[in-house]
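The values are calculated or read from the model by the stated rules, or taken from the named source; none is laboratory data. All figures in this text were calculated on a predicted structure; none of them were measured in a lab. Quick reminder, even Gly has a Cβ in these numbers, built from the backbone with ideal geometry, and neighbours come from all protein chains shown. To get the accessible areas, we keep the full protein, side chains included, count just its heavy atoms, and leave off ligands, DNA and RNA. Shrake-Rupley method; radii C 1.70, N 1.55, O 1.52, S 1.80 Å.
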Amino acid sequence: MSWIILFIAGLFEVAWAIGLKYTHGFTRLWPTVGTVAAMAVSVALLGLAMRDLPVGTAYAVWTGIGAVGTVVLGIVLFGDPASAARLVCVGLIVAGILGLKLTSA
């Protein structure tokens, strides 16, 4: 169950990272409210997951999910570059996340 909670926490991290773009420097009320709420949920779920998972593993997986999700949505929503080198690097992050998952108790 902790892995599921951690995965959901990572999705909320993606939500707040993308939400930052829509806040326009925290000058738009509703995107700011949504972004701050997503931050709070993400960190709270991370804390719950860390009750049963090693801190280093949980934090690395959480940030990895956030990084990969944010890169993918940046490409899809904002036209960020999707060069081969960037995609290989994202693949390395995914490999690291899977490696941490497979080697954790």
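Mind telling me which of the residues 41, 33 ends up being surrounded by 15 or more Cβ atoms within 10 Å (Cβ to Cβ), free of Cβ contacts under 8 Å to residues at least 60 places away in the same chain, part of a helix (DSSP H, G or I) and β-branched (Val, Ile, Thr)? Being surrounded by 15 or more Cβ atoms within 10 Å (Cβ to Cβ), free of Cβ contacts under 8 Å to residues at least 60 places away in the same chain, part of a helix (DSSP H, G or I) and β-branched (Val, Ile, Thr) holds for just one of 41, 33, which is 41. Residue 26 meets the conditions (1) over 12 Å from the mean Cα position of the chain (by Cα); (2) part of a helix (DSSP H, G or I) in every case but one. The failed one is (2). For region 45-63, the set of residues classified as in contact (Cβ under 8 Å) with a residue 12 or more places away in the chain, assigned to a helix (DSSP H, G or I) and open to solvent by 30 Å² or more (accessible area, probe 1.4 Å) consists of 45, 48, 59, 60, 63, listed by residue number.
Here are 91, 66: which of them is free of Cβ contacts under 8 Å to residues at least 40 places away in the same chain and under 16 Å from the mean Cα position of the chain (by Cα)? Spell out the reasoning first.
Details: 66 fails: free of Cβ contacts under 8 Å to residues at least 40 places away in the same chain.
Of the residues listed, the single one that is free of Cβ contacts under 8 Å to residues at least 40 places away in the same chain and under 16 Å from the mean Cα position of the chain (by Cα) is 91.
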